[in-house]
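Novice: Could you have a look at this structure, given as structure tokens, before my questions?
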């Protein structure tokens with residue numbers, strides 16, 4: 001088989017460089033020679049291309065992902081078969097993975113973490129509405145562009161809810177153990193709430209800098225997701241706001257029915273938290289996160305990149321008897337510790353234990369870390385340096401003003417050795433992005449455009465000459481730069497408050513109706529009056545010309561019958577008698593009707 005770097009795929013995609021290796025494929029940066037654009041090329045491992053189950057899953061990944069067109073989802077452009085293997089062509093996203101951001105800047109500012117999680121929830125909500133569950137939400141599958149746009153990648157192990165039965169073996173699971181849901185760890189049936197649990201783990205990691213459960217093996221971690229209560233996020237980062245902690249707890253409930261029931265619900269709470277508003281759905285969370293889930297897996301297959309690790313069937317997790325014996329040992333050990341503490345305290349009270357000089361010096365060298373979160377960097381550095389502490393700063397975008405300390409480690413009030421280093425995260429302000437121009441656009445389209453661009457929308461209505469529902473003005477103006485997540489205020493037309501009745505006297509009835517319609521007025525009652533004016537000519541209007549009225553008002557018309565005043569043929573309906581001017585079909589022969597003026601058709605040329 002030709003080298004992957006030598007053979008364009010489908011005669012169109014030419015590999016430039018390798019980007020990553022996953023559990024079932026490698027990803028390359030490539031050039032689309034047809035459209036002359038850079039793309040990401042995901043190529044199934046050749047040894048797996050002979051496995052019908054893997055090939056089917058790979059094919060279904062392409063079909064499912066290609067139907068998901070959303071600003072927060074990495075687009076899939078194409079897929080095919082070449083060189084005895086299969087490939088998918090995707091949008092090439094420049095930026096960092098969330099895992100790298102967490103590694104560099106954790107813990108993230110609470111509102112920054114909420115904003116990222118809200119964008120992931122938006123992507124999941126769209127996918128779920130289209131029948132696709134991701135099943136592998138983790139920081140390495142979340143990309144953040146330089147301008148702050150969040151995109152969810154790799155629906156590689158997603159399955160369509162409405163499609164055929166799962167391709168994996170009964171009782172098997174897929175996904176990375178650190179972020180796996182309890183039902184996924186048990187090989188149970190999955191739905192959209194499994195993704196919500198995984199997103200909860202990701203949010204937990206962003207807010208604390210660590211994950212809820214760790215272990216030496218994927219199986220040990222999966223066991224904890226099933227059986228162990230989730231440690232409080234505020235235990236690891238006391239600066240996490242209470243509402244964000246509630247959102248995390250709601251998403252990480254063991255029982256799917258106790259979690260958010262849709263990604264849209266979770267996104268709504270995250271948006272409310274980010275905007276400083278009271279959260280709604282998490283307030284009703286039941287305190288049953290410690291509920292034991294005893295159903296156990298038969299076979300566990302956990303994708304732990306770069307390879308897939310399969311565990312042979314196990315009969316059960318540790319039995320209650322074994323757990324009870326271990327608990328007895330633990331209780332005995334704790335009793336010994338308590339006894340030793342009593343002896344030490346008693347001896348210390350009697351003066352039996354004296355502190356050495358080195359112990360006294362070490363105690364004296366401890367200092368209390370000042371709380372500097374919310375301060376400007378200069379003031380924070382002064383406070384910390386004054387206590388003999390060193391400082392390490394990293395920078396991160398947030399909703400706080402540039403230069404504001406958004407988090408610190410160790411936290412304020414902690415006791416540390418003099419000369420220790422305090423890590424500070426400093427805000428660079430919010431990401432600035434271009435505001436779309438939506439003036440003169442219908443409000444529905446304008447709102448969709450702004451929301452997709454990452455802005456919130458506020459609307460007010462005024463009377464204006466623009467059509468009802470059109471955007472009259474916007475603040476900030478289209479084309480200017482504003483912080484992502486900020487609000488664009490739209491002024492929308494409610495239609496004109498008053499319109500002026502136009503002068504239609506002298507116009508024919510049909511023409512008058514058209515004139516009135518152009519200014520949002522309609523024809524009301526039409527009455528007829530004898531007149532020397534041509535039949536159908538408007539003689540007068542009520543209200544009269546120049547009068548201001550409300551839009552959509554009716555204007556009554558008085559129309560000429562074409563009969564002379566006092567004629568015996570006067571009627572209140574259009575007459576059928578000869579008018580004072582020739583009919584429109586009169587030829588060049590003058591009318592025989594006697595009039596007070598020459599007939600309109602008496603000219604030097606045919607009429």
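Novice: Within the stretch 526-542, does at least one residue satisfy the condition of being surrounded by 15 or more Cβ atoms within 10 Å (Cβ to Cβ), farther than 30 Å from residue 454 by Cβ and modelled with pLDDT under 80?
Specialist: So far as the stretch 526-542 goes, no, none of its residues is surrounded by 15 or more Cβ atoms within 10 Å (Cβ to Cβ), farther than 30 Å from residue 454 by Cβ and modelled with pLDDT under 80.
Novice: Specify the residue that is farthest from residue 115 (Cα to Cα); the eligible residues are those in the stretch 69-97 that are surrounded by fewer than 16 Cβ atoms within 10 Å (Cβ to Cβ) and free of Cβ contacts under 8 Å to residues at least 24 places away in the same chain.
Specialist: For the stretch 69-97, the residue satisfying everything is 81.
Novice: Which strands (runs of 3 or more DSSP E) does the stretch 54-146 wholly contain that include 2 or more residues that are within 25 Å of residue 425 (Cβ to Cβ)?
Specialist: 142-144
Novice: Okay, moving on. Of all residues in the stretch 459-490 being in a loop (DSSP other than H, G, I, E, B) and at pLDDT 85 or above, which is surrounded by the fewest Cβ atoms within 10 Å (Cβ to Cβ)?
Specialist: The residue in question is 479.
Novice: In addition: If you check 163, 175, which single one turns out to be surrounded by 24 or more Cβ atoms within 10 Å (Cβ to Cβ), assigned to a loop (DSSP other than H, G, I, E, B) and at pLDDT below 95?
Specialist: The unique qualifying residue is 175.
Novice: Further question on the same structure: Would you check which residues across the stretch 178-205 are closer than 14 Å to residue 141 by Cβ and buried (at least 24 other Cβ atoms within 10 Å of the Cβ) and list them?
Specialist: 179, 180, 195, 198, 199, 201, 202, 205 - these are the residues of the stretch 178-205 that are closer than 14 Å to residue 141 by Cβ and buried (at least 24 other Cβ atoms within 10 Å of the Cβ).
Novice: Now for a separate question. Which helices (runs of 4 or more DSSP H) does the stretch 195-282 wholly contain that include 2 or more residues that are more than 15 Å from residue 117 (Cβ to Cβ) and without any contact (Cβ under 8 Å) to a residue 40 or more places away in the chain?
Specialist: Filter on the stretch 195-282 gives 218-227, 233-236.
The values are calculated or read from the model by the stated rules, or taken from the named source; none is laboratory data. In this text the structure is predicted, and so the values were computed from the model without any measurement. Cβ atoms come from the backbone with ideal geometry, glycine included; neighbour counts cover every protein chain shown.
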